[in-house]
Amino acid sequence: MTPTVETDVLIVGGGPVGLTLAMDLAQRGIEVTVLELRRRGEPPSVKCNHVAARSMELFRRLGVARKIRNAGLPEDYPNDVSYRTTMLGRELTRIPIPCRRDRYTAKGGPDTWWPTPEPPHRINQIFLEPILFEHAASLERISLRNRVEFSGCTQDAASVTASARALDTGEALSFRARFLVGCDGARSPTRRGIGAKLLGDPVVQRVQSSYVRAPKLLSLQQGPRAWVNFSLNPRRSGSVYAIDGRETFLIHNYLREEEADFESVDRDWAIRAILGVDADFQYEIISKEDWFGRRLVADKFR
């Protein structure tokens with residue numbers, strides 16, 4: 001018989017949302033167990049590029065804001081938003097945003113003088129999530145269970161019993177908690193388990209994303225650097241986010257309405273059109289993902 005692990009709250013999903021909830025509950029004296037599909041240290045998605053002021057305020061209360069603010073882009077790298085014909089082309093306009101070194105002292109521009117001790121911070125998820133994980137792992141009331149897949153749950157008047165599987169061994173696992181919380185993304189098996197449906201707009205945008213390494217790209221760009229460059233031209237529009245401030249970038253190629261599907265768009269051609277480089281320019285694709293921007297909300301949460 002599978003022994004049952006007892007916990008106050010069981011969280012399915014160990015990404016930024018699940019880890020933040022776990023830290024918040026642990027700070028309030030609540031025992032938490034987190035189930036996560038990925039291995040410890042496995043790189044997360046590069047989708048998230050910005051942490052809002054309210055989230056930074058929460059991280060401040062949880063004792064992790066300073067570590068987060070000291071990570072990401074180099075401290076003197078401009079956080080500006082640049083609108084250009086291509087990344088290497090003519091700049092049309094620019095929104096100045098202070099680098100993290102000057103975040104608390106800069107006075108000019110539309111993104112200064114935030115009425116909070118924790119203004120927004122530009123940082124990619126590949127830097128953010130490991131900081132959250134290590135902080136959560138250091139807290140006594142949090143148990144992190146990696147490589148565990150949630151299978152389903154049953155509940156009675158007092159508790160929820162969840163079944164799961166250890167992915168590396170195939171071992172069946174059982175957890176009993178006062179509450180079960182799904183922080184497991186858009187494909188959430190937890191949401192399906194409670195019979196909740198997503199309502200809203202199923203497709204707002206189709207995005208072909210490429211995480212690339214291009215060591216020579218910044219040296220070819222005229223003018224000051226920017227956190228994000230929006231490429232606006234009749235051939236191809238997209239955005240280029242600086243990830244490490246040196247050689248890695250996240251490129252979003254936005255599909256047009258008349259384009260049937262992702263396969264109909266030449267990824268390499270689109271990348272070069274957004275960057276404004278020719279066929280001789282060399283870059284390496286680290287990872288890639290095709291995804292849909294959606295505007296959906298669950299019809300119930302319990």
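The values are calculated or read from the model by the stated rules, or taken from the named source; none is laboratory data. All values derive from a computational prediction rather than experimental measurement. Every residue, glycine as well, gets a Cβ built from its backbone with ideal geometry; the counts of neighbours run over all protein chains shown.
Condition check for THR86 on (1) surrounded by fewer than 19 Cβ atoms within 10 Å (Cβ to Cβ); (2) in the same structural domain as GLY109 (by TED's automatic domain parsing); (3) touching a helix residue (DSSP H, G or I) at 6+ places or on another chain (Cβ under 8 Å); (4) of a type in the set (Ser, Thr, Tyr): one failure, at (1).
In segment 148-168, the residues that are surrounded by 14 or more Cβ atoms within 10 Å (Cβ to Cβ) form Cβ pairs under 8 Å with partners that are outside any strand (DSSP E or B) and among the acidic types (Asp, Glu), at six or more places apart or across chains, as follows: PHE150/ASP184; ARG165/GLU171. Every condition in (1) closer than 30 Å to ALA270 by Cβ; (2) free of Cβ contacts under 8 Å to residues at least 60 places away in the same chain; (3) not polar (S, T, N, Q) holds for LEU58 except the one numbered (1).
For segment 18-46, filtering for residues that are on the phi < 0 side of the Ramachandran plot and either part of a loop (DSSP other than H, G, I, E, B) or surrounded by fewer than 17 Cβ atoms within 10 Å (Cβ to Cβ) (or both) leaves 14. In this entry, MET87 is excluded by the filter for residues that are in a helix (DSSP H, G or I) and in contact (Cβ under 8 Å) with a residue 40 or more places away in the chain. Going through (1) under 30 Å from ARG39 (Cβ atoms); (2) surrounded by fewer than 20 Cβ atoms within 10 Å (Cβ to Cβ); (3) among the aliphatic types (A, V, I, L, M) one by one, LEU128 falls short only on (2). Taking every residue in segment 12-30 that is not assigned by TED's automatic domain parsing to the domain that holds PHE175 and at pLDDT 95 or above and pairing it with any residue that is crowded, with 22+ Cβ neighbours inside 10 Å and acidic (Asp, Glu), at least 6 positions away or on another chain, yields no pair with a Cβ-Cβ distance below 9 Å.
Residues that are touching a helix residue (DSSP H, G or I) at 6+ places or on another chain (Cβ under 7 Å) and outside any strand (DSSP E or B) were ranked within segment 131-147; the one that is surrounded by the fewest Cβ atoms within 10 Å (Cβ to Cβ) is LEU139.
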